[in-house]
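S.K.: Pasting a structure below so you can have a look.
The values are calculated or read from the model by the stated rules, or taken from the named source; none is laboratory data. Please read these numbers as outputs of a predicted model, since none were measured by experiment. Cβ atoms come from the backbone with ideal geometry, glycine included; neighbour counts cover every protein chain shown. Calculation scope for accessible area: heavy atoms of the full protein, side chains included, ligands and nucleic acids excluded. Shrake-Rupley method; radii C 1.70, N 1.55, O 1.52, S 1.80 Å.
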Amino acid sequence: MTDSPSTASAPVVTRRAWQALIVLLAGMFMALLDTTIVNVALPSIQTSLNASEATLSWIISGYALAFGLALIPAGRIGDRIGHKWVFFTGLALFTVASLACGLAQNQLQLIVARVLQGLAGGIFVPAVTAVIQLMFPPRFRGKAFAIMGSVIGVSTALGPIVGGLIIEAFGVENGWRLVFWVNLPIGVAALIAAAVLLPSGTGTKATTGAQASRIDWVGLLLVSAGLVALLVPLIEGQDRGWPLWTYLVLAAGALLIVAFGAWEVRVSKRGQSPLVPPHLFSHPAFTGGVILALVYFAAFTSIFFTISILWQAGLGHTALESGLVSIPFAIGSIVASSQSNRLTQHLGRTVLVAGVGLVTIGLVWIWLVLLVTEPANLTNWILLPPLFIAGLGSGCFIAPNVSFIVATVDSTEAGAASGVVGVMQRVGSAAGIAVVGSVFFGTLVVAGPGPDAVATGFTDSATLAMAVSAALSVVALLLVFLLPKRVEGPGGR
């Protein structure tokens, strides 16, 4: 008896592929957990290391920016030589950098270690989406991306809770160090599993070492310098009173980004390998998606920064109490992300519209609560409904958005495409924290002694900061309509 042609030709995903996915997502869990787990530790770090307000922003934004800058070259190298050992190398460096963060004795050491940690995360994360694209046929790819979306939602949402529990258990002085060291056992276990389970040869181009080294270093230098030039004034400007140099550096950063775009076009026309292939942006869905990713992550990531600073430094709550505020968001994100693949199959782009719409409703609601509620009356319960709604929206949005964007390009450029998307997400996170942090600390005025004056000053500043996040979410909602109603093509349905 023989199989029917349709049965014989049906795509099969092996058990080893699903095991490899678990290893990849363990690494992603670590990298994304560290985008939010540190937020709840910021007041402890400030007290322990006598850190400045600008340093608090650098701890978050420096990680995000370094993460983003590494994504594209790492994705390109993975496409050329295979993603397994790129993933392994980045994960090993991330684990070591996590150790260094916990050992830091001053704010400069911590910033440097955080930047190194972000750089390492940016090295191995492109392998996750690229290997999913390459290992899973279209029939199973949506499910794999939905699982990835669940991990993204859970890791970012649970960060404040885990951080709060650790600091509550081990104290202000040592707890923030263990917030970084929680990565060590996960990292070691994931490294062992990666060496055994990840398939070799998952690159799309078999190249020699000399060929693999032909990365567009000029392009990388231009975009790195441009993004740093844009970020430095946003973080340092409010702390230094916005002197003339901050505006000049911002202008220089914009010019460097324009120069980067022109250079990439030139490299492509010469038949060489650009850092960001310009023809990727010939796909309207891809172009709209990366812009959307930038704005959405600027709005989404910054809310945990604002709430953590307000809850602890302003209202005098513990790190654990601050972390518990995010539980409704975590629950909503987990519930929605677990159903995101099914919703996408039935609703197409509508699931993205609904997702960003719910996030917008949640953030505007939080802003209104902060605007009309007296600081003494602010509790976890009053923020429960809007955070749950925002969590539902985030869970609906993240995984489908990734599949919509990555599926619009050829599988041979999955690493480059995922790198570009990841860069926009991380740059959005860095810019969002920089802008929101500048608004928060730049408007912070404590009019008199006593806890009531402190609470009022911090609440007023948090209200303005949350208004910025809510406004960004409104812009993201409008940008969703740049994506097509359905995605067809590589990996499409």
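S.K.: When only Cα pairs under 8 Å and 6 or more residues apart are kept, what is the percent relative contact order across the chain?
M.R.: With pairs under 8 Å counted, the relative contact order is 24 percent.
S.K.: Ignoring ligands, DNA and RNA, what percent of the accessible area of the chain is carbon or sulfur (1.4 Å)?
M.R.: Carbon and sulfur: 70 percent of the exposed surface of the chain.
S.K.: Which three extents, in angstrom, do the Cα atoms of the stretch 44-184 have along their principal axes, listed largest first?
M.R.: 51, 27, 24
S.K.: Based on the mean of other Cβ atoms within 10 Å per residue, sort peptides 128-134, 443-449 so the most packed one is first. All intermediate terms of the calculation are to be shown ahead of the outcome.
M.R.: Numbers: 128-134: 26.3, 443-449: 12.3.
Listed from highest to lowest mean packing, they are 128-134, 443-449.
S.K.: Skipping prolines and chain starts, which residues have an amide H placed within reach, meaning under 5 Å, of the one on S326, given they are 5 or more residues away or on another chain?
M.R.: Placed amide hydrogens put nothing under 5 Å from S326.
S.K.: Accessible area per residue, 1.4 Å probe, Å², for the stretch 229-323: what's the number?
M.R.: The answer is 40 Å² per residue.
S.K.: Follow-up question, since we're still on this one. If eta is 1.002 mPa s and T is 20 °C, what Stokes-Einstein diffusion coefficient results for the stretch 156-196, Kirkwood Rh from Cα pairs, in µm²/s?
M.R.: My calculation gives 192 µm²/s for D.
S.K.: Per the helix-only calculation at 222 nm, which mean residue ellipticity applies to the chain, given -39500 (n - 2.57) for every DSSP H run of n ≥ 4 and division by its residues, nearest 500 deg cm²/dmol?
M.R.: Working: 19 runs with 386 residues, N = 493.
It lands at -27000 deg cm²/dmol.
S.K.: What's the angle, to the nearest 10 degrees (0 to 90), between helix 380-406's Cα axis and the longest principal axis of the chain?
M.R.: In the chain, helix 380-406 runs at an angle near 20 degrees to the longest axis.
S.K.: Just to check I understand the Karplus step: with θ = phi - 60° and J = 6.51 cos²θ - 1.76 cosθ + 1.60, what whole-Hz values come out for the stretch 32-41, glycine and proline as x?
M.R.: Using θ = phi - 60°, the values come out as 7, 4, 6, 6, 10, 5, 6, 3, 6, 8 Hz.
S.K.: Label V446 and F281 with points 7 Å out from Cα along Cα→Cβ: what is the distance between them in nm?
M.R.: Taking the two extended label points, one gets 4.5 nm.
S.K.: Once the Cα atoms of helix 107-135 and of the chain are each reduced to a long axis, what angle between those two axes, in degrees from 0 to 90 to the nearest 10, is obtained?
M.R.: It is inclined by approximately 30 degrees.
S.K.: Give the angle, between 0 and 90 degrees and rounded to the nearest 10, that separates the Cα long axis of helix 183-197 from the longest principal axis of the Cα atoms of the chain.
M.R.: For helix 183-197, the angle is close to 0 degrees.
S.K.: So how far apart, in nm, are the two label points at T14 and L184 if each is 7 Å from Cα heading toward Cβ?
M.R.: Those two pseudo-labels are separated by 3.6 nm.
S.K.: At q = 0.05, 0.12 Å⁻¹, what log₁₀ I(q)/I(0) does a Debye calculation on the Cα points of the chain give, no solvent, two decimals?
M.R.: -0.17, -1.05
S.K.: In addition: Read phi for every residue in the stretch 326-341 and hand back ³J(HN,Hα) as whole Hz from Karplus 6.51 cos²θ - 1.76 cosθ + 1.60, θ = phi - 60°, with x for Gly and Pro.
M.R.: 7, 4, x, 4, 4, 5, x, 5, 5, 4, 6, 5, 5, 10, 5, 5
S.K.: Viscosity 1.306 mPa s, temperature 10 °C: give me the Stokes-Einstein translational D for the stretch 215-329 in µm²/s, with Rh taken as the Kirkwood radius over C-alpha pairs.
M.R.: Numbers: Rh = 17.3 Å.
The estimated diffusion coefficient comes to 92 µm²/s.
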